[in-house]
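J.: Encoded as structure tokens, here's the structure I'll be asking about.
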Amino acid sequence: MDQPTCSTPAADPPTEDGRTMKLLGHIHRSFHRVADSLLRERGFAMGQLPVLMALKDGQPHSQAELARLAQVEQPSMAQLLARMERDGLVQRVPDPDDRRSRLVLLTPECRERMHESRAVMQALAAEALQDFNEAERAELGRLVRRLAEQVDRMLVDRLGG
């Protein structure tokens, strides 16, 4: 008996739009890898940045709020916060409005070291954009913000947020 064969038509060549989105993904992944490597040398990681940025003003947040801000599921945030607490970056304090709940804050030691991660990110951004003049940087920023707004609208329209 003959085995069924599975043939797939040749994929259409990527469109210019497809190539652009693929390139943006490549830029994101590559920048992320370089930044993560440098941040880890200083006791931080790229995956922690949404939490660090949300807590940098000193205001405590719930785990649920941090998960929403970081756009991750609650179990993923719980694991991240457990590692950050183990590493001395965050601490949990009682919620004054709900004794059953706890809020998350940066530790004083982490707050003192935050400038290190900020300096790394600023230096890497400057290096990545060093071949662009001021007008090109402004235009790139404008276009990327516009694209981000469109993708955010797509997220809300298709996934409800």
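J.: Go through the stretch 33-66 and give me each residue that's under 23 Å from residue 90 (Cα atoms) and exposed (fewer than 13 other Cβ atoms within 10 Å of the Cβ).
T.: Here is the first cut: in the stretch 33-66, the ones under 23 Å from residue 90 (Cα atoms) are 35-66.
Once the filter is applied, which keeps residues that are under 23 Å from residue 90 (Cα atoms) and exposed (fewer than 13 other Cβ atoms within 10 Å of the Cβ), the stretch 33-66 yields 37, 40, 41, 42, 57, 58, 59, 64.
J.: Applying the selection to the stretch 94-110, what residues are at pLDDT 95 or above and open to solvent by less than 50 Å² (accessible area, probe 1.4 Å)?
T.: 103, 104, 105, 106, 107, 110
J.: Which one of 122, 71, 150 is among the polar types (S, T, N, Q), surrounded by fewer than 15 Cβ atoms within 10 Å (Cβ to Cβ) and within 16 Å of residue 47 (Cα to Cα)?
T.: 71
J.: Could you tell me whether the stretch 34-41 includes any residue that is closer than 30 Å to residue 111 by Cβ, acidic (Asp, Glu) and touching a Lys or Arg at 6+ places or on another chain (Cβ under 9 Å)?
T.: Just the residues of the stretch 34-41 that are closer than 30 Å to residue 111 by Cβ, to begin with: 34-41.
Right, trim to acidic (Asp, Glu) and you get 36, 41.
Filter once more, so that each one left must be touching a Lys or Arg at 6+ places or on another chain (Cβ under 9 Å): none.
There is no residue in the stretch 34-41 that is closer than 30 Å to residue 111 by Cβ, acidic (Asp, Glu) and touching a Lys or Arg at 6+ places or on another chain (Cβ under 9 Å).
The values are calculated or read from the model by the stated rules, or taken from the named source; none is laboratory data. Keep in mind it's a predicted model, so treat the numbers as computed, not measured. Every residue, glycine among them, receives a Cβ derived from its backbone with ideal geometry; neighbour counts consider all protein chains shown. These accessible areas exclude ligands, DNA and RNA; they are computed on the full protein's heavy atoms, side chains included. Shrake-Rupley method; radii C 1.70, N 1.55, O 1.52, S 1.80 Å.
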